[in-house]
Amino acid sequence: MTTQTSATGSDRVPRRRGLTEEATDAAIDQACRMMRLPTTRGVFEANADAAAREQMTYRGFLAELLLAECDDRARRRSERRIKAAAFPRIKTLREFDFDANPNVDPRTSNALAKCDWVRRGHPLCLIGDSGTGKSHLLIALGTEVAMAGFRVKYTLATKLANALAEAADEMVLTKTFSGPGRAGRPRSRPPRRRTPSRRWPAPLLVLR
């Protein structure tokens with residue numbers, strides 16, 4: 001009596017196709033297109049040549065390719081979040097002139113850039129006179145938050161307040177405020193007149 005077993009899953013041995021080097025490169029290019037691996041497709045040839053020179057193991061070579069793909073995808077996701085934040089201009093902490101603003105502690109700014117306050121759900125309010133770099137710091141910190149994986153939206157405080165007031169009047173407050181955080185069930189209230197703010201509109205970050 002004989003028992004027959006079928007090779008399934010990891011028991012299967014991949015069939016070697018015996019491709020030429022040119023055919024191998026073409027097959028890799030096509031496979032990367034099908035699997036949507038643009039970074040792997042772009043760096044494969046250079047990485048393969050480097051792996052041959054440095055006598056890397058197969059696992060090491062594969063790890064380099066996969067890490068390059070992951071790093072590039074993370075970078076592109078960060079770029080999309082920064083673009084979606086709608087910052088009026090590009091500002092970074094590296095560009096901030098701490099010497100011209102001695103009241104701004106660089107250690108505090110660098111600590112805020114680690115985004116622990118966002119993870120804990122704490123608010124952040126920048127207070128100071130005009131021209132002290134509040135908008136610069138706000139955009140720079142918002143950029144760091146977006147790069148850390150959080151969704152960010154740049155807006156004006158007056159604009160957000162008006163949008164929330166209109167949403168409350170129309171009983172769609174939960175829908176309007178669902179992005180930045182949790183909101184309770186909207187309560188019905190009579191319409192009220194809103195007086196436009198005469199103060200300079202302060203920039204505001206909405207974190208999700």
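Exactly one residue out of Thr57, Thr143 is within 30 Å of Thr40 (Cα to Cα) and not assigned by TED's automatic domain parsing to the domain that holds Arg41: that is Thr143. Pairs linking a residue in the range 132-156 that is more than 19 Å from Arg94 (Cβ to Cβ) to a residue that is at pLDDT 90 or above and among the aromatic types (Phe, Trp, Tyr), with Cβ atoms under 8 Å and 6 or more positions apart or on different chains, are Tyr154/Phe87. Under the condition of being closer than 27 Å to Asp72 by Cα and at pLDDT below 80, the residues counted in the range 6-26 number 0.
The residues listed here are Asp49, Asp97, Asp71, Asp29; of these, the one that is under 19 Å from the mean Cα position of the chain (by Cα) and either surrounded by 12 or more Cβ atoms within 10 Å (Cβ to Cβ) or at pLDDT 90 or above (or both) is Asp71. The set of residues in the range 150-173 that are farther than 18 Å from Ala111 by Cβ, at pLDDT 90 or above and assigned to a loop (DSSP other than H, G, I, E, B) contains only Arg151. Close Cβ contacts (under 9 Å, 6 or more residues apart or on different chains) running from residues in the range 92-119 that are over 19 Å from Val152 (Cβ atoms) to residues that are acidic (Asp, Glu) comprise Phe98/Asp105.
The values are calculated or read from the model by the stated rules, or taken from the named source; none is laboratory data. Model, not experiment: these values are computed from the prediction. As a convention, Cβ positions derive from the backbone with ideal geometry for all residues, glycine included, and neighbour counts pool all protein chains shown.
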